[in-house]
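The values are calculated or read from the model by the stated rules, or taken from the named source; none is laboratory data. None of these values were measured; they are calculated from a predicted model. Here the Cβ is made from the backbone with ideal geometry for all residues, glycine too, and neighbour counts use every protein chain on show. Surface accessibility is based on the protein's heavy atoms, side chains included, excluding ligands, DNA and RNA. Shrake-Rupley method; radii C 1.70, N 1.55, O 1.52, S 1.80 Å.
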Amino acid sequence: GESVGLHLPTLSVQEGDNSIINCAYSNSASDYFIWYKQESGKGPQFIIDIRSNMDKRQGQRVTVLLNKTVKHLSLQIAATQPGDSAVYFCAENGNSWGKLQFGAGTQVVVTP
Amino acid sequence: EPEVTQTPSHQVTQMGQEVILRCVPISNHLYFYWYRQILGQKVEFLVSFYNNEISEKSEIFDDQFSVERPDGSNFTLKIRSTKLEDSAMYFCASSEVGNQPQHFGDGTRLSIL
């Protein structure tokens, strides 16, 4: 049968600007969160993770912020580059040791 | 950098046939997973596997599905009698332990005719 695809929210960013991608998670029992990047035809690629005992974590050009009060997660990408164009997914572990529940994704398009 | 590898990259199968998707997880990882992604939709958890047994499975993972670690390196997903709605990308992932980053392969595109 035919699949009905999700209409992905799209974030258009100019090269060199900062990007902010937002995610609302659903399960208040989640204590582990991950951001993944998925390029066309590839599997999800790990970017950065954060545990619920933290509210901020920084990596190379990326920062993840966690607000447990409103169940909100964000990914900030500094100085966005063309290679950052992809779909970005947040994922939470729910009430589980290993099962990840993925969000719907955000398409990031970097324009020159 | 170590990576998860999956074969084949594309599998075309007639409805009702059995299919086996293969994965080689990262060598020092102890937890293994299968996910699927129907075209244009979100990634969905199927099953997790640790210490030679299933740790958790989703509603999607019914009696038609099974997983196996036949040797020290491979991790397989078998669908016994495929249906049209099994058409999807199937991703294998592995992690050192639970609640650590899961690293994904590039998937097998399964097309059921």
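Could you list, in sequence order, the residues of the stretch B:30-39 that are of a type outside the set (Phe, Trp, Tyr) and open to solvent by less than 40 Å² (accessible area, probe 1.4 Å)? B:Arg36, B:Gln37, B:Ile38 - these are the residues of the stretch B:30-39 that are of a type outside the set (Phe, Trp, Tyr) and open to solvent by less than 40 Å² (accessible area, probe 1.4 Å).
Taken as a whole, the condition of being of a type in the set (Ser, Thr, Tyr), more than 12 Å from the chain's Cα centre (by Cα) and closer than 30 Å to B:Thr7 by Cβ does not apply to A:Ser30. Residues in the stretch B:87-104 that are without any contact (Cβ under 8 Å) to a residue 24 or more places away in the chain and within 15 Å of B:Val43 (Cβ to Cβ): B:Pro101 only. Tell me, which residue of the stretch B:69-93 that is basic (Lys, Arg) and assigned to a loop (DSSP other than H, G, I, E, B) is farthest from B:Ile112 (Cα to Cα)? Within the stretch B:69-93, the match that is farthest from B:Ile112 (Cα to Cα) is B:Arg69. Looking across A:Pro9, A:Pro112, one residue alone is surrounded by fewer than 17 Cβ atoms within 10 Å (Cβ to Cβ), within 14 Å of the chain's Cα centre (by Cα) and at pLDDT below 95. It is A:Pro9.
I'm checking my understanding of the structure. Among residues of the stretch A:31-42 that are within 7 Å of chain B (Cβ to nearest Cβ) and not aromatic (Phe, Trp, Tyr), which one is surrounded by the most Cβ atoms within 10 Å (Cβ to Cβ)? It would help to see each step written out before you state the result.
Residues of the stretch A:31-42 within 7 Å of chain B (Cβ to nearest Cβ): A:32, A:34, A:42.
Of the ones still in play, those that are also not aromatic (Phe, Trp, Tyr) are A:34, A:42.
Numbers: A:Ile34: 23, A:Lys42: 14.
The residue in question is A:Ile34.
Restricting attention to the stretch B:60-81, the residues that are under 20 Å from A:Gly43 (Cβ atoms), in contact with a helix residue (DSSP H, G or I) (Cβ under 9 Å, 6 or more places away or on another chain) and surrounded by fewer than 17 Cβ atoms within 10 Å (Cβ to Cβ) total 0.
I need the strands (runs of 3 or more DSSP E) fully contained in the stretch A:43-112, keeping only those with at least 1 residues that are away from every other protein chain (no Cβ under 14 Å) and touching a Pro at 6+ places or on another chain (Cβ under 6 Å). Fully inside the stretch A:43-112 and qualifying: A:106-111.
Scanning the stretch B:82-100 for residues that are under 17 Å from A:Ile34 (Cα atoms) and surrounded by 16 or more Cβ atoms within 10 Å (Cβ to Cβ), which turns out farthest from the other protein chains (Cβ to nearest Cβ)? Step by step, filter the stretch B:82-100, then rank; the result is B:Ser94.
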